[in-house]
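The values are calculated or read from the model by the stated rules, or taken from the named source; none is laboratory data. Keep in mind the model is a prediction, meaning the values are calculated, not measured. Here Cβ is always computed from backbone atoms with ideal geometry, including for glycine, and neighbour counts include all displayed protein chains. Keep in mind that these areas ignore ligands, DNA and RNA; they rest on the heavy atoms of the full protein, side chains included. Shrake-Rupley method; radii C 1.70, N 1.55, O 1.52, S 1.80 Å.
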2 protein chains.
Amino acid sequence: MGLETLFTPRRVAVVGATEREGSVGRAVMRNMLDSFEGETVPVNPNAESVLGREAYPDVASVPGEVDLAVVVVPGRVAVDVVRGIAEAGVENVVVITAGFGETGSEGARRERELRAVAEEHDLDLVGPNSLGIISTPAGVNATFGPENALEGSISFMSQSGAFITAVLDWANDRGIGFKDVVSLGNKAVLDERDFVEAWGDDEGTDVVLGYLEGITDGASFIRTAREVTAETPIVLVKSGRTEAGASAAASHTGTIAGSEAAYEAGLEQAGVVRAENVQELFDAASILAGQPLPETDSVAVVTNAGGPGVMATDAIGDSGLSLASFADETLARFEEALPEEANIYNPVDVIGDAPVDRFAEAIEIAMDDPNVGAVCVVTCPTAVLTFDDLASAVVGRQAESGLPVATCFMGGERTESAREILGEAGIPTYFDPARAVESLDALRSYAEIREREYVEPTTFDVDRERAREILRGAADRGDTRLGVEAMGLLDAYGVPIPEGDVVSSPEEAIEVAESIEGDVVMKIVSPDVLHKSDIGGVRVGVRNDDVYDTYEDLVARAKNYQPDATILGVQVQELLDLEAGIETIAGMNRDPQFGPLVLFGLGGIFVEVLEDTTVRVAPVSEPEAAGMVDDIRAAPLLRGARGRRPVDEERVVEVIQRLSQLVTDFPAILELDVNPLVATPDGATAVDIRLTIDPDEL
Amino acid sequence: MGLETLFTPRRVAVVGATEREGSVGRAVMRNMLDSFEGETVPVNPNAESVLGREAYPDVASVPGEVDLAVVVVPGRVAVDVVRGIAEAGVENVVVITAGFGETGSEGARRERELRAVAEEHDLDLVGPNSLGIISTPAGVNATFGPENALEGSISFMSQSGAFITAVLDWANDRGIGFKDVVSLGNKAVLDERDFVEAWGDDEGTDVVLGYLEGITDGASFIRTAREVTAETPIVLVKSGRTEAGASAAASHTGTIAGSEAAYEAGLEQAGVVRAENVQELFDAASILAGQPLPETDSVAVVTNAGGPGVMATDAIGDSGLSLASFADETLARFEEALPEEANIYNPVDVIGDAPVDRFAEAIEIAMDDPNVGAVCVVTCPTAVLTFDDLASAVVGRQAESGLPVATCFMGGERTESAREILGEAGIPTYFDPARAVESLDALRSYAEIREREYVEPTTFDVDRERAREILRGAADRGDTRLGVEAMGLLDAYGVPIPEGDVVSSPEEAIEVAESIEGDVVMKIVSPDVLHKSDIGGVRVGVRNDDVYDTYEDLVARAKNYQPDATILGVQVQELLDLEAGIETIAGMNRDPQFGPLVLFGLGGIFVEVLEDTTVRVAPVSEPEAAGMVDDIRAAPLLRGARGRRPVDEERVVEVIQRLSQLVTDFPAILELDVNPLVATPDGATAVDIRLTIDPDEL
């Protein structure tokens, strides 16, 4: 079931409608009467009529089908009222009433009851603690705010109701319109995922915009958003990005924030364009709603003033865009069209004495160049050109070419009517050249997302049963923190490990050592010895002759360190040529919102000092795993910097995917670290492992 | 001589004034007549009068003293005209005429002539190719632009005239005023340094603002700006920051850009607040002109809406500011003043039903907290509070407390009059909470610059003569690229080097080796062998017994590599325990604008792959050298990360300063690399050196 009827009701009941001045019930009733094209019915057992409309004691008494009930009753009766509404057969409910989860344990209990009622009756319920919803095509303004929205193609959801009030006032001033606006409130039932899904299917929505303080279910949000963003851009401000912000958000909404790294990875994997602040959010929305997507990331800057042209160029350098190189034919045309003092290279400077015709011709020539994906027009006031004429010329050229355009009309009052001309054509204009370029960059971001082809994570042929046995064995022993004794997990999932085995006698140790070519590494295996090196529990380069004594010595050291230590044995392992390799790490931890996050980074000092790591929400696909290697700053080291032989990157990428499959298959694995994962020109080998398990999940 | 009379003339001659419609000469005359309080005299040999004023054939004929001549004559006669002006005794000239260095070699020649005339007569000359100058107190508007500036305390210089036109239109619209405005033009005589100096001494200027595409003389700019910024903030956009931008700037103005790294370091050392774009430039200027400096970097956020409060908090997390922790007494006062549902911790949420009084009281309580250095007020529209009332309350509280305030009044039209109230009190207000916070951050930046105490670079007691001899020796041999044979340079400047010497016979080699404890390192020393390791020209751990043979072998290898190679000898060096140390690099290269740039970074893979280096303009002081160590991302490694012993950081900082002194003393050193400079817990030792010299500078 979609949410169409929520936004396109024919009959809306305002439950708790009243005439009392200053009340929320009056404000909602007033707003609905002012704009709604359908029928608005007040429900109030204590009123005959409200604002001239006949009132009914409850929703069941309302004649005809009610498509949407807006609830503004006091908190203590809200759950019962919603139950009554549901029993009357209404499917859509917006609960404006506050006093739920945001107010402490009593409110949280009430919210659980509300959710139970909604689930029982399969209600599409917005809120509670919501400002309400707006849908402009039918004139639904079921909010108690002072402003209605203008019609437009942006659909906007916000976890802050106050922010919606502010945005509407601001947007109305700028002529920015909306399709639907939703104040999410406490998200007891419907959350961001539901609206993203609904708007993805909605013809009237060109851009989905959101202000979120948290995402309820990260993994399912990613799945839905990934599908939506293949057709419709989603731009989000996720607040609480910083440590300070996250703790402020937590105290404000009770949201338990997942880590910022998880949000960053998850939203990126979902194809969401992320805005850092309000300006970026609406700049991105405006250009996405108004302009076509660029086919290349190359921008032509056309200006009548050198300095501002340089500013635009700097902003291009800061962005993911590039400055277009013009084709020879384009340069020839510029040479013919422009005076000698003009600059025909990008940024094109038509110079200060350019009348509109020359400026417009230069824009046209730039647009004709096959390398040019977008155009940034930058103009300063001059005596020979009026902004209005230039604006009209830009609108014409944009429409003809079908290329996206952003503009920078630098001035105050004298730019106002030009702004309107451009705004009507969906072309953004700013004073600051950097802002015009940044908005083109948002367009590019989304164009790249659109071009992504979604690849399912590879399912490798693994020995899942063997892995389960290893985990069960540990659980049966009561071990929740495992070390090298669990290397078999990796082997079962096809992650290369050094030759060798864990043995429990010196004789076995010799047997294993003899089966391995060359000297071996021996390590004590005990859940009670977490830092093996500290007690001399690791020996590198043991010759076959010394294996017996080394075995006994390692066990003695462990017993000496902790007399009652559980000794699982000694690991006898092939000695890898670490010199030829690069130490990396791969691992996983679980995020409360997004579930398992796979991590990759360079090992050693890089990890500890430079934190050169990256994460993705599991399961990761092959391109996502490859992107992880791209992401780390030290990636060139893996690719043969300093005359090294490049490592087998494909194999590293495969190991990341196999680990992703392992942690996805076993929710019992809470945390996992493969450190080091040694990458060499011939492969990638996991040398050590640590993990924490939750036996109850097995 | 200062520039006072340039900005405060009593009599101004407009040379080339005319009544011709659309001409620059008419526009300047018109602008002057419209606003200038003194006397404006047209000079034109072909006119009796211009715009009702009696015209004179030349400046010499003008009765009375002319304080400023504005030149708008055609380019071909401009130099002669300026000469005539100078000979008439005028000291200040603004050359609006174009057709100089910006137009090619003929123009460049003309510009050199103009500079020669100015130098001969000690003229203070602005331009050529300038839009003109404005100084609001006396109503000087010697520009041909369409707008005059409002009065204010910001003085603004720009290398782009068009940008000034745009800014004035925009600023007038927002009520932003200026003291002086200068279009720098081609900077043939007066440049950014001169205006920074003049405005630093000017009572009427509170903030110096600039848009620059290049700085003519970096070192002298730093010296002047450093003094000015101790009292007056300087905020600059230096465009051409990015590679694309730099090349655009070069083609636009012919500016040969120094490296961005040099600008970044130089402007930082000069105490300049750097803006990345136009919005940042004016946001910083507005708050610096309007608000006092904070005494701490802790900000209190007071809001009536949780969500926008979180946005402000995120922006604080992104900035150099911190979220203030309130004192217990403050929390107690909040508890008393605010309803139970309010958040009394920072960000303080007075909640949506707050009337102005409650909001204002919360602001006051926050301001009383001794930890709070600045306040950010964030408000959304609500039914119980008008923005105007809140604005007035904020203005009152700000004035009483003396703390800086930035505000975010979120809305459109309904915020307009509140904006005016706040604007008149110098309190910035924006829609986006992030922008309000960023402007407070600019204030903090400058507060930190003000608190800096300038320390002269240390002059170490060095053996300058010995260094000069080493350089002369190389120059006499015709060597311009030196290696280990120049280690003596470091020794002469007190930079620790390993024990040892360069020898020219196997017998000498043995003698040196025997004087050194333990095994030695031996390296071939030849200007023809740049990559010694490649030919086996380095031997590590040579025992005394093997020194003779090793000597012969090294020489043989060099001869084998290149039969006519110049062999300067063999270096016999103490074998350092590199395991205990960390390889760093220190070096220098010369920037066309800023002169010698000292570099420091971690060595090895860090430098090559991660480019973890930092630079400063030499000479560097002790705090600047210490700041270089702070700057590198891997600094924790030097400070004992991973259980290492911290290195002797003080000694590293001293080596940087000594190298700075060396390259400052000898302009003949064009480039220098000490790689590695091994930092250990007990010191820092330069193991190898490479440098390039220019013998002509010796």
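Put a plus charge on the Cβ of each Lys and Arg, a minus charge on the Cβ of each Asp and Glu, and nothing anywhere else: the dipole of segment A:373-463 about its Cα centre is then about 460 debye.
Within the shell of other residues whose beta carbon sits under 11 angstrom from the beta carbon of A:Glu671, the net charge comes to +1, with Lys and Arg scored +1 and Asp and Glu -1. Shown for B:Pro146: label points 7 Å from Cα along the beta-carbon vector, and their distances to the equivalent points in the other copies, 3.5 nm in ascending order.
Taking each DSSP H run with n ≥ 4 as -39500 (n - 2.57) and averaging over every residue of chain B yields -12000 deg cm²/dmol at 222 nm. Listed by chain and number, the lysines whose C-alpha is less than 30 Å from the C-alpha of A:Lys187, apart from same-chain residues fewer than 8 away, are A:Lys179, A:Lys238.
Over segment A:499-574, Cα pairs under 8 Å with separation of 6+ residues give a relative contact order of 49 percent. Projected onto the charge dipole of segment B:369-525 (+1 at Lys/Arg Cβ, -1 at Asp/Glu Cβ, origin at the Cα centre), which of B:Ala436, B:Ala513, B:Gly494 gives the Cα projection farthest towards the positive end? Most positive-ward Cα: B:Ala436.
Among the GluC sites (Glu not before Pro) in segment A:44-108, those placed in a DSSP loop whose Cβ has at most 10 other Cβ atoms within 10 Å are A:Glu48. Between the beta carbons of B:Glu264 and A:Glu54, assuming R0 = 56 Å, the FRET efficiency works out to 0.20 to the nearest 0.05.
3J(HN,Hα) couplings calculated from phi for segment A:71-76 with the Karplus curve 6.51 cos²θ - 1.76 cosθ + 1.60 (θ = phi - 60°) are, in sequence order, 9, 10, 7, x, x, 5 Hz; Gly and Pro show x.
A simple packing score, the average count of other Cβ atoms within 10 Å per residue, orders the peptides A:68-76, A:117-125 as A:68-76, A:117-125, with the highest score first.
Note that chain B presents 39 Å² accessible area per residue, ligands and nucleic acids not counted, probe 1.4 Å. Taking a straight Cα-Cα cut-off under 23 Å and skipping sequence neighbours fewer than 8 places away in the same chain, the lysines within cross-link reach of A:Lys559 are A:Lys523, A:Lys532. Of the residues A:Ile656, A:Val375, A:Ser325, the one whose Cα sits farthest toward the positive end of the charge dipole of the protein assembly as shown, with +1 on the Cβ of Lys and Arg and -1 on the Cβ of Asp and Glu, is A:Val375. Rounded to the nearest 10 degrees, the angle from helix B:433-451 to the longest Cα principal axis of chain B is 60 degrees. Under the criterion of Cα pairs below 8 Å and six or more residues apart, the relative contact order for segment B:366-442 equals 34 percent. Between B and A, roughly 5200 Å² of accessible area is buried in total, ligands, DNA and RNA not counted and the probe set to 1.4 Å. In terms of accessible area, using a 1.4 Å probe and ignoring ligands and nucleic acids, B:Phe178, A:Phe326 rank largest first as A:Phe326, B:Phe178. Put a plus charge on the Cβ of each Lys and Arg, a minus charge on the Cβ of each Asp and Glu, and nothing anywhere else: the dipole of segment A:1-145 about its Cα centre is then about 400 debye. Residue by residue along A:326-336, Cβ atoms of other protein chains within 10 Å of the local Cβ number 0 on average. Distance to the B-onto-A rotation axis is smallest for one chain B Cβ; residue and value in angstrom are B:Leu610, 4.
Look at the alpha carbon pairs under 8 Å that are at least 6 residues apart: their mean separation over the length of chain B gives a relative contact order of 8 percent.
Need one word for segment B:359-512: rounded, prolate or oblate. Basis is the Cα gyration tensor (sqrt eigenvalues a ≥ b ≥ c); a/c below 1.5 gives rounded, then a/b vs b/c decides. Note, shape of segment B:359-512 comes out prolate.
In sequence order, segment B:620-628 has phi-based couplings of 9, 7, 4, x, 5, 5, 5, x, 5 Hz under the Karplus curve 6.51 cos²θ - 1.76 cosθ + 1.60, θ = phi - 60°, and Gly or Pro positions carry x.
A dipole drawn for the protein assembly as shown from +1 and -1 charges on Cβ atoms has a positive end, and of A:Ala641, A:Tyr345, B:Val302 the residue lying farthest that way is B:Val302. Loop-located GluC sites (Glu not before Pro) across segment A:446-499 with a Cβ neighbour count of 12 or fewer within 10 Å are A:Glu453, with loop assigned by DSSP. DSSP bridge analysis restricted to segment B:114-199 gives an antiparallel fraction near 60%, rounded to the nearest 5.
Helix A:278-290 and the long axis of chain A differ in direction by around 70°, with both axes built from C-alpha atoms. For segment B:1-68, the set of trypsin sites (Lys or Arg not before Pro) satisfying both a DSSP loop assignment and a count of at most 15 other C-beta atoms within 10 Å is given as B:Arg10, B:Arg20.
Overall, the anisotropy analysis places segment B:267-347 in the prolate class: the square-rooted eigenvalues a ≥ b ≥ c of its C-alpha gyration tensor yield a/c not less than 1.5, with a/b exceeding b/c.
Here the accessible area is traced with a 1.4 Å probe on the protein chains. For the protein assembly as shown, carbon and sulfur cover 43 percent of it. In debye to the nearest 20, how big a dipole does segment A:499-574 give about its Cα centre with +1 on each Lys and Arg Cβ and -1 on each Asp and Glu Cβ? Using only the charged Cβ atoms, the result is roughly 440 debye. Close amide H partners of A:Thr8, meaning residues 5 or more places away or on another chain with modelled amide H under 5 Å apart, do not exist here.
Accessible area per residue was computed with a 1.4 Å probe on protein heavy atoms; A:Tyr345 scores about 130 Å².
Across peptide A:417-426, the average count of Cβ atoms from other chains found within 10 Å of a residue's Cβ is 0.
Computed from Cα atoms, the angle from the helix A:161-174 axis to the main principal axis of chain A rounds to 50 degrees. For segment B:232-239, putting each phi into the Karplus relation 6.51 cos²θ - 1.76 cosθ + 1.60 with θ = phi - 60° gives couplings of 10, x, 10, 10, 10, 9, 9, 8 Hz, in residue order, rounded to whole numbers and with x for Gly and Pro. Distances between copies at A:Thr5, taken between label points 7 Å from Cα along the C-beta direction, are 8.7 nm in increasing order.
With the cut-off at 1.5 for a/c, could you classify segment A:578-697 from its C-alpha gyration tensor as rounded, prolate or oblate? Prolate shape, in that a/c is at least 1.5 and a/b is the bigger ratio.
Summary for B:Gly22: label point 7 Å along Cα→Cβ; distances to the equivalent points in the other copies, ascending, 6.5 nm.
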